[in-house]
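Novice: Have a look at this one.
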Protein chains: 2
Amino acid sequence: MPTFTAPLRDMRFVLHEVFDAPALWARLPALADHVDADTADAILEEAAKVTAQLIAPLNRSGDEEGAQWLAGEVSTPSGFKSAYATYIEGGWVGLSGNPAFGGLGMPKMLAVQFEEMLYAANSSFALYSALTSGACLAIDAHASDDLKSTYLPPLYEGRWAGSMCLTEAHAGTDLGILRTRAEPREDGSFNLSGSKMFITGGDQDLTENIIHLVLAKLPDAPAGPRGISLFLVPKVLVNADGSLGAANAVSCGSIEHKMGIKASATCVINFDNARGWLVGEANKGLAAMFTMMNYERLSIGIQGIGCAQMSYQNAAAYACERLQGRAATGAIAPAKIADPIIVHADVRRMLLSMKAMTEGGRAFASYVGQQLDLSKFSADPQEQAQAGALVSLLTPVAKAFFTDTGFDSCVLGQQVFGGHGYIREWGQEQLVRDVRIAQIYEGTNGIQALDLLGRKVIANNGVALELFTAQIRTFASQPDTPYASELLDAVQRLEDVSQWLTAQAGINPNEVGAAAVEYLHLFGYVAYAWLWARMAAVAQNALPADSDFYNAKLATASFYFRRLLPRTLSLEQSIRAGSESLFELEAAHF
Amino acid sequence: MPTFTAPLRDMRFVLHEVFDAPALWARLPALADHVDADTADAILEEAAKVTAQLIAPLNRSGDEEGAQWLAGEVSTPSGFKSAYATYIEGGWVGLSGNPAFGGLGMPKMLAVQFEEMLYAANSSFALYSALTSGACLAIDAHASDDLKSTYLPPLYEGRWAGSMCLTEAHAGTDLGILRTRAEPREDGSFNLSGSKMFITGGDQDLTENIIHLVLAKLPDAPAGPRGISLFLVPKVLVNADGSLGAANAVSCGSIEHKMGIKASATCVINFDNARGWLVGEANKGLAAMFTMMNYERLSIGIQGIGCAQMSYQNAAAYACERLQGRAATGAIAPAKIADPIIVHADVRRMLLSMKAMTEGGRAFASYVGQQLDLSKFSADPQEQAQAGALVSLLTPVAKAFFTDTGFDSCVLGQQVFGGHGYIREWGQEQLVRDVRIAQIYEGTNGIQALDLLGRKVIANNGVALELFTAQIRTFASQPDTPYASELLDAVQRLEDVSQWLTAQAGINPNEVGAAAVEYLHLFGYVAYAWLWARMAAVAQNALPADSDFYNAKLATASFYFRRLLPRTLSLEQSIRAGSESLFELEAAHF
C-alpha cells in the first residue's frame, strides 16, 4: 500500500526562497500578528504528520468501503469518524479563517500547502472540510453579524460542516434555470423547497450539524441568473444560545455511485419547507457564491496537484525498485537480474513530466495564494486592486490547468507501474479515479476556460492579462535570468494569440468557445515557464549549497523548457485554425 | 443505461468505398471462396445484432458484479455463461480461423470490424474469446499437425478457450528473466512448473477446457530471451479421441482486483508439474508467441477504437438532449429553458475530436487488416513480403495510438456529460476505466513505441517506413487530392524526423527511448491525415448522393486537418530536443 510523505523541502523552497513569503507577511498587519517563517514551518511539519499518519492510512480502505446511505442517513467509511475528531482538534478547518470568529488567520499562501497535503493523502476526506472552508468564506463575506457569530465559530472548529447546494437535476452549469424556491416567513427567515444534487458532504456522520448554503429563487425574482439568492439552511436548527434545536426539514434522498472519491458522500438533498436565512442581498446570490468560488476553485485545482504529487512519489519509488530490462547504454546493475526501470529514457520522461508539472503547479498555486492574501490584507489600495485582478484572471487557470495536467500526471504515474498500475492494491489507479472529478466539479474545465478567455481576458480588454505578462517581461529582462529568451518568446506568443482572439471574438462570438480550452492550456504552459525560470534562478544563486536539491530543480527546469514548453506551438496553431471547422457539421449528423 | 448501435454505415464506407475490399478478396483465392460484398455485409449485420442485443446488455451489470474467485474456481458475472453459449453458436470465435480445422476463413479486414463491435459492447466479454483467437493463431502457425487437429476445432468452436501465459511476478516486459521450467518426459511431452500472473481468462466457467500457451525454459536453455520455449498446457487433459480426461496440474491461485474490465478474470495461474506439449522449436518460443502478437496487438488496439466509439455515441446523443445555456450567437431553441449543449463550440470540439480519431482509427485498423490479409493470402511473393513489412511497421502504431487516443476520447466523452459522466449508471466512466488497460497490457505503449522506432524504423534502415510513406506521397500527388499540401508537409515532417532520429541513435542509444512515444504519436497523426484525405476524396466523389453522410465525412476531415494535425508541430519540437534533459537528474534525486 502506498505511503505519503509531504514534500516539505519543496514547499519551503517555494514559500521562503521563491516568494519570500515571510517578508510579505511581516509587512501585512493582519498576518504579521499570526505568522512568521518559524510558525509557518511548524505548521507545515505538523500538517505533514497529520496527513501522513492520520488521514492517508484511510485512503485505500475508504475507497473500498465507500460512503453508505441507509434510510436517509449517510455513514462514512470505518475510521473516518475518529480521524475527523482528531483532525479538527488541530484547528485545521479554521486555518485561514477569520480570527474574529475563531479562525487562525493564516495566509492562504500557507493554507495551499496544507491543502495539497490533504488532497494527496486522501481526497475524499479532504472534501469534508474543504466545503466548510468555502462556506465560511461566503458567510464571513456576506452574512449578517448575527449569522456570523452563530455559525462561524462551530464551523471553524469543525464541529459543524458546510455544504454548497447549487446544482439541480436540470441545472448544472446553467444555474439561471434552477427551481428551488424560497418563501418569506413573517419572522424574516424563509421556507426553502426544492431538490439539489451532487452535493459534496451534503450529509455525513462526522459533525453535529451541517450548514447548507443554498441557491434559490424568491417569489418575485427576475428570470435567469439575476434572480438567484443565497440562503443559509442548517440541517439542525440552532437555538438562540447556539445549542442545537429541532431537525430542519432537510433530508438526504440518496448518494451517488461514482468513479472515484467514493468515501466522499455526494448527495441528493431535499428541502421541504426547510427554514433558511438570506445571506447577502436578495437576487445577488450568484455574486455572493462567486466570492467563495475563487477560493474553492483554487482549492479544487490543488486537488490536481496533490493527487499528482502522491502518484509521482509512488511512481518514482517504484521505478527505482522494479528491475526490468537493461539500460540502452549498458547494464547499470550487472549483478542483478535486470536494471531498475528508472534507467529507461521513457520512464524518465514520464517521471520528469509529472515532476515538472506538479512542482510548476505548486509554485503557481502559491503565487495565486500570495495574490489572494494581498487582495485581502494589503493596505495599499492599488496593490490590493491589482492583486484582486490577478486572482480573477488566474483562478480559472489554476482550477483547470492543475486538474487537467494533474489527471495526465496520475495517468503517467499509473503507466510507470505497468500492469500493477491497473491493480487496486497499488493505489495508482485510485488516484486516476479520484482526481478525475476535479476536472468536472466546481465548474467544468471547459467553463473555466470560457471564464478565462471570455470574461477575464477579452471582456477585460486584456488589462489583467497585461498586469500578469508585465511581471514576466520584467523578470525575463533582468540580467542572468535563466531561459530568458524562451520565456520572452512564450509570453509574446500568449500576447499575440490573446490579441488575435480578442479581434476574432468581435467578428464571431463562437471563436471564444472554439479556442477557450486550448487557450487556457497555452496560458498555463507560459505561466509555468515563468515559474520554472524563477525557480531555476533561485537554484542557480543558491548553489553550491545543497547541490542535490538545487541541481534537481535545474534539471527539471531544463526538461520543462526543452520537452514540455514546445506544446505551446501546437496549441497556438490549433487556436488560430478558428471555429469554422467546429460548425460545419449539423447537430443531427454527429 | 447506454445502448450500443454498431456504426454499420461507417464500416461499410471503410470496407467498400475507401478500400474496395471485395475486389481484393475476389483476387485472393483463399478468400474468394468464403467472402464477397454481400456475405461481408450480412456478417456485419448479424454481428451488430449479437453485440447490441446479446452482449452489450451485460456490460454494466458485469462491471458491478465482477468476476469472482472462490476456492480456486472463477465464476463470471450473471448472464455471461448463457450469453457465451449463444455467442459461440454463431461461429464468431473462428471467424477468421483456418477452414482446414473448422474456422470460417474470413478476412482480417472484416474481423476487425467485428472486434470493434465486440469491444464497444463489452470489453470484458470480448476478452474471453480474443485470447482464444490469438492462441489459435499460434497453434495454427507453429504446432504439430497432431496438436492442431486435436485442439483447433474445439477452440474455433468456442467450446474451449485459449490463454496466453507470459508474465511472472518479476518478469513482465522483460520476459528473458522468467522462471517457469519445463522438464522433458519420456513420452515427448513436458512437465511445467511455475507461476504466471495477469493471465486474462486464465480461468472461467464459460468453456469446458482452457488451453494455456505458456512460455517456459527447458533445463538446458540459454539465458535470456533466446532460451524461452512455448508450450501448450490444457486445463483438462485431452484423450486420444478428443474427449476430456483427467484434470491437469493447473490451478488458479487468485484473481486481481482491478480498475476496470472487472468482468474479465485476470488470474494467477500455477503450474505444478502440469503436462504440456512443445509448440514450435525449442528455445524459439518468443518468436512463436510474436506470430500471434501482431494479431493480438491489433485486436487490443481495436479495444481503444471500440470503447471510444461507444463513448462517442453516448456523448453525441447526450449533447443533443441535455439543455444548458444558450448558443453564443443567440438562442437555438428559444421555446425551451435552454439550448442543447451541442450548440457550444467546446462541446463540438470534444465530440469532433472523438469522431475524427475514432473514424481515423477504424480506417487505419482496416488498412492494417488488409495488409495482414495480403501477407497471409497473396500469391505474389513481392506483394506478400511488402504487406508483411507494413504489418510489422504499423502494428505497434495501431496498438498504442488507437489506445492512447481511444483513452483520450473516452475521457472527453465523459467530460461531455459533466457531473453525470462521473456517475456509474451513465456508463461513461466505465469506458474510461475499461479502456485504460489497453494502454498497458499486450506490451505497454512505451514498449510499442520502442518497437516502432528502434526495430521497425531505425534497425530496418527506414525500408518499411519508405514503403508506407511512398503510398502517401503517391496518393497526395494525384490531381484533386484533398488536403494534398497539408499531407505532403506532414509526411515530410515524419521522414525528416525519422532520418534525424536514425542519425542521433547512432551517436547515443538513449535517443531512441527518449523520442519513442512522441515519435509514435507523430507517426499516428500523419497516418490518420493520409486516411482522412482518402476518406475525404471518396466523399467528394460520392456527392451529391447521400449528402448528410458524405458531408459529415468532409466536415470531420476539415476538423482533423485544422485542429488536430497541428499537434505534430509540438511532437517534432519535443523529439528534436533530444535525450539530454532526461538524464541530467540522478536516479536518487527523483
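Novice: With (1) more than 21 Å from residue A:16 (Cβ to Cβ); (2) part of a helix (DSSP H, G or I); (3) touching a residue at least 60 places away in the same chain (Cβ under 8 Å) as the list, and residue A:535 as the residue in question, which single condition is left unmet?
Specialist: So the condition that residue A:535 fails would be (1).
Novice: Take residue A:313 and tell me if it is of a type in the set (S, T, N, Q), modelled with pLDDT of 95 or more and either surrounded by fewer than 24 Cβ atoms within 10 Å (Cβ to Cβ) or over 28 Å from the mean Cα position of the chain (by Cα) (or both).
Specialist: Yes, satisfied.
Novice: Okay, next question. For segment B:411-464, enumerate the residues that are free of Cβ contacts under 8 Å to residues at least 12 places away in the same chain, out of contact with any strand residue (DSSP E or B) (no Cβ under 9 Å at 6 or more places or on another chain), within 23 Å of residue B:311 (Cα to Cα) and not in a helix (DSSP H, G or I).
Specialist: Once the filter is applied, which keeps residues that are free of Cβ contacts under 8 Å to residues at least 12 places away in the same chain, out of contact with any strand residue (DSSP E or B) (no Cβ under 9 Å at 6 or more places or on another chain), within 23 Å of residue B:311 (Cα to Cα) and not in a helix (DSSP H, G or I), segment B:411-464 yields only B:440.
Novice: Now for a different question. Restricting the search to segment A:465-520, which residues are in a loop (DSSP other than H, G, I, E, B) and among the hydroxyl-bearing types (Ser, Thr, Tyr)?
Specialist: Answer for segment A:465-520, where residues must be in a loop (DSSP other than H, G, I, E, B) and among the hydroxyl-bearing types (Ser, Thr, Tyr): A:477, A:481, A:483.
Novice: Another one. Spot the failing condition for residue A:200; the list is (1) in contact with a Lys or Arg (Cβ under 9 Å, 6 or more places away or on another chain); (2) within 14 Å of chain B (Cβ to nearest Cβ); (3) modelled with pLDDT of 95 or more, and only one is missed.
Specialist: Here residue A:200 clears every test but (1).
Novice: Can I ask one more? Give me a count of the residues in segment B:576-590 that are closer than 26 Å to residue A:322 by Cβ, more than 7 Å from chain A (Cβ to nearest Cβ) and either free of Cβ contacts under 8 Å to residues at least 60 places away in the same chain or not in a loop (DSSP other than H, G, I, E, B) (or both).
Specialist: 3
Novice: Filter segment A:541-552 down to the residues that are within 14 Å of chain B (Cβ to nearest Cβ) and outside any loop (DSSP other than H, G, I, E, B) and list them by number.
Specialist: Within segment A:541-552, A:547, A:548, A:549, A:550, A:551, A:552 meet the criteria.
Novice: Which ones in segment A:11-61 are free of Cβ contacts under 8 Å to residues at least 24 places away in the same chain and under 24 Å from residue A:431 (Cβ atoms)?
Specialist: Residues satisfying the conditions are A:49, A:53, A:57, A:61.
Novice: Can you tell me which residue within segment B:251-267, out of those that are surrounded by 20 or more Cβ atoms within 10 Å (Cβ to Cβ) and more than 11 Å from chain A (Cβ to nearest Cβ), is farthest from residue B:236 (Cα to Cα)?
Specialist: B:263
Novice: Considering only segment A:98-117, state which residues are outside any helix (DSSP H, G or I) and either touching a Pro at 6+ places or on another chain (Cβ under 6 Å) or modelled with pLDDT under 95 (or both).
Specialist: Selection gives A:102, A:105.
Novice: Would you point out the residue of segment B:317-348, among those that are within 21 Å of residue A:579 (Cα to Cα) and in contact with a Lys or Arg (Cβ under 7 Å, 6 or more places away or on another chain), that is nearest to the other protein chains (Cβ to nearest Cβ)?
Specialist: Only one residue tops the list, namely B:342.
Novice: Here's a follow-up. Suppose we filter B:26, B:30, B:85, B:42 for residues that are at pLDDT below 95 and in a helix (DSSP H, G or I); which single one remains?
Specialist: Every option except B:30 fails the conditions.
Residues checked against (1) within 12 Å of chain B (Cβ to nearest Cβ); (2) among the hydrophobic types (A, V, I, L, M, F, W, C):
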position	(1), (2)
A:366	no, no
A:371	no, no
A:402	no, yes
A:421	yes, no
A:424	yes, no
A:432	yes, yes
A:445	yes, no
A:449	yes, yes
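Novice: Does segment A:564-573 contain at least one residue that is assigned to a loop (DSSP other than H, G, I, E, B) and within 11 Å of another protein chain (Cβ to nearest Cβ)?
Specialist: The answer is yes; a qualifying residue exists.
Novice: Then there's this: Could you please find all residues in segment A:176-214 being among the small types (Gly, Ala, Ser) and within 30 Å of the chain's Cα centre (by Cα)?
Specialist: Residues satisfying the conditions are A:176, A:194, A:195, A:201, A:202.
Novice: Being modelled with pLDDT of 95 or more, over 29 Å from residue B:558 (Cα atoms) and touching an Asp or Glu at 6+ places or on another chain (Cβ under 6 Å) narrows it down to one of B:430, B:448, B:499, so name that one.
Specialist: B:430
Novice: So, one more: Give segment A:215-237 a look and list any residue that's within 27 Å of the chain's Cα centre (by Cα) and crowded, with 18+ Cβ neighbours inside 10 Å, or say none.
Specialist: A:215, A:216, A:228, A:229, A:230, A:231, A:232, A:233, A:234, A:235 - these are the residues of segment A:215-237 that are within 27 Å of the chain's Cα centre (by Cα) and crowded, with 18+ Cβ neighbours inside 10 Å.
Novice: Every residue in segment A:328-353 that is buried (at least 19 other Cβ atoms within 10 Å of the Cβ), among the small types (Gly, Ala, Ser) and touching a strand residue (DSSP E or B) at 6+ places or on another chain (Cβ under 9 Å), please.
Specialist: Residue satisfying the conditions is A:338 alone.
Novice: Could you please give the count of residues in segment B:69-104 that are closer than 20 Å to residue B:258 by Cα and without any contact (Cβ under 8 Å) to a residue 40 or more places away in the chain?
Specialist: Looking only at that region, the number is 3.
Novice: Would you pick out the residues in segment B:166-197 that are in a loop (DSSP other than H, G, I, E, B) and either more than 14 Å from every other protein chain (Cβ to nearest Cβ) or within 29 Å of residue B:243 (Cα to Cα) (or both)?
Specialist: Selection gives B:166, B:180, B:185, B:186, B:187, B:188, B:189.
Novice: So if I check each of A:308, A:288, A:356, which one is in contact with a Gly (Cβ under 6 Å, 6 or more places away or on another chain), under 28 Å from residue A:373 (Cβ atoms) and buried (at least 24 other Cβ atoms within 10 Å of the Cβ)?
Specialist: A:308
Novice: Residue by residue through segment B:496-522, note down the ones that are crowded, with 24+ Cβ neighbours inside 10 Å and among the small types (Gly, Ala, Ser).
Specialist: Listed by number, the residues that qualify are B:513, B:514, B:515, B:516.
Novice: Let me ask something else about it. State the number of residues belonging to segment A:198-224 that are touching a helix residue (DSSP H, G or I) at 6+ places or on another chain (Cβ under 7 Å), farther than 23 Å from residue A:243 by Cβ and among the charged types (D, E, K, R).
Specialist: 1
Novice: Restrict the check to segment B:498-508 and report whether at least one residue is under 23 Å from the mean Cα position of the chain (by Cα) and under 26 Å from residue B:577 (Cβ atoms).
Specialist: no
Novice: Can I ask one more? Just to be sure before I move on: is residue A:163 under 22 Å from residue A:77 (Cβ atoms), at pLDDT 95 or above, small (Gly, Ala, Ser) and not in a helix (DSSP H, G or I) in the structure I sent?
Specialist: yes
Novice: From the list A:576, A:562, exactly one residue is touching a helix residue (DSSP H, G or I) at 6+ places or on another chain (Cβ under 9 Å) and within 21 Å of residue A:359 (Cβ to Cβ). Which is it?
Specialist: None of the other options fit; the residue is A:562.
Novice: Here is a follow-up. Please specify each residue of segment B:98-108 satisfying the condition of being farther than 19 Å from residue B:371 by Cβ and either aliphatic (A, V, I, L, M) or crowded, with 24+ Cβ neighbours inside 10 Å (or both).
Specialist: Selection gives B:100, B:104.
Novice: Kindly provide the set of residues from segment B:180-233 that are under 22 Å from residue B:147 (Cα atoms) and small (Gly, Ala, Ser), ordered by number.
Specialist: B:182, B:188, B:189, B:193, B:201, B:202, B:216, B:229
The values are calculated or read from the model by the stated rules, or taken from the named source; none is laboratory data. Treat the numbers as computed from the prediction; the structure is a model and nothing was measured. Neighbour counts are summed over all protein chains in view; Cβ atoms, including those assigned to glycine, are modelled from backbone coordinates with ideal geometry.
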